[in-house]
1. With a sphere of radius 11 Å drawn around the Cβ of residue 166, what net charge do the other residues whose Cβ falls strictly inside it have (Lys, Arg +1; Asp, Glu -1)?
2. Would you mind checking which residues have amide H under 5 Å from residue 117's amide H? H placed 1.01 Å from N; only 5 or more apart, or other chain.
3. Mind pulling the angle between the C-alpha long axis of helix 2-20 and the longest principal axis of the chain? Nearest 10 degrees, somewhere in 0 to 90.
4. Where nothing but the Cβ of Lys and Arg (+1) and of Asp and Glu (-1) is charged, how large is the charge dipole of segment 71-163 around its Cα centre, in debye to the nearest 20?
5. With contacts defined as alpha carbon pairs under 8 Å and 6 or more residues apart, what's the relative contact order of the chain in percent?
6. So in segment 34-215, what percent of DSSP beta bridges are antiparallel if you round to the nearest 5?
7. Would you give the gap between the C-alpha center of segment 46-61 and the C-alpha center of segment 125-174, rounded to a whole Å?
8. With θ set to phi - 60° and the Karplus curve 6.51 cos²θ - 1.76 cosθ + 1.60, what are the ³J(HN,Hα) couplings of segment 107-113 in order, to the nearest whole Hz, using x for Gly and Pro?
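Rule-based calculations on the coordinates, nothing more; no lab input. Computed from a predicted structure; not experimentally measured. All Cβ positions, glycine included, derive from the backbone under ideal geometry; neighbour counts span all protein chains shown.
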Amino acid sequence: MRRLTSILLLTLALTACGRTDRPTTPRARAEPLRPSTRENAQCQADLRREGVDYRELPPKDYGNGCGLYGAVQLTDIGVPVTGVTAMRCGAARAFAGWVRNAVAPAAYQILGSELARVEGMGTYACRNIVGTRGMGDRRSGHALANAVDIGGFVLKDGRRITILRDWSSPDPATQRFLQAIRTSACRRFGTVLTPNYNAAHRNHLHLEDDRARFCR
Ligand SMILES: [Zn+2]
């Protein structure tokens, strides 16, 4: 009984620690290798309900902790998107919602032009996390196609906003736009990494559908 009590106390202590610590690096990925069949079916139903066109991709095990499980290829989300291939359904759902309901309205309301294109910089890549000391041996969310990198946005009036050039833009409207879409991404994705985080992210936003609640 005493042993049980001490285990309970230890658990409580650890839980309390977890609440107060502010992590400086993303936590270990809590996502299972494969989403459940039910989760996946629900996610695809959500995409269809939102009027998002996609193609379901067959599961693929690429070995070494890399693979596609419950992945889709988005084919039409209402705004043209380049550089986006296989994405796990949950990430695709969060991404489509972000582009349609956050990026497009922010472009129109803050920058005064409709959104013409979103420039992606990749989704699936069998690799480890880069740019964070001590995390180089951990698989990136990209290894399961659970993350998308975004490099910029093109507006219908011809303007192009890039993360590399405009993240520290002196233009107040551009700043408001980038902050608005960042805030919205942090509500929709578990991990959001921006140029504020480290040099490896100076030219893109990393949006990952995990449960890490990590927004930098
Ligand atoms: Zn990334």
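1. +2
2. For residue 117, the qualifying residues are 154.
3. Between helix and principal axis, roughly 20 degrees.
4. Charge dipole, segment 71-163, about its Cα centre: 220 debye, nearest 20.
5. Working: 400 pairs, mean separation 37.5, N = 216.
That works out to 17 percent.
6. Here the antiparallel bridges make up roughly 85 percent for segment 34-215.
7. Taking the Cα centre of segment 125-174 as reference, the centre of segment 46-61 is 23 Å away.
8. Each residue of segment 107-113 in turn: 4, 5, 6, 9, 9, x, 9 Hz.
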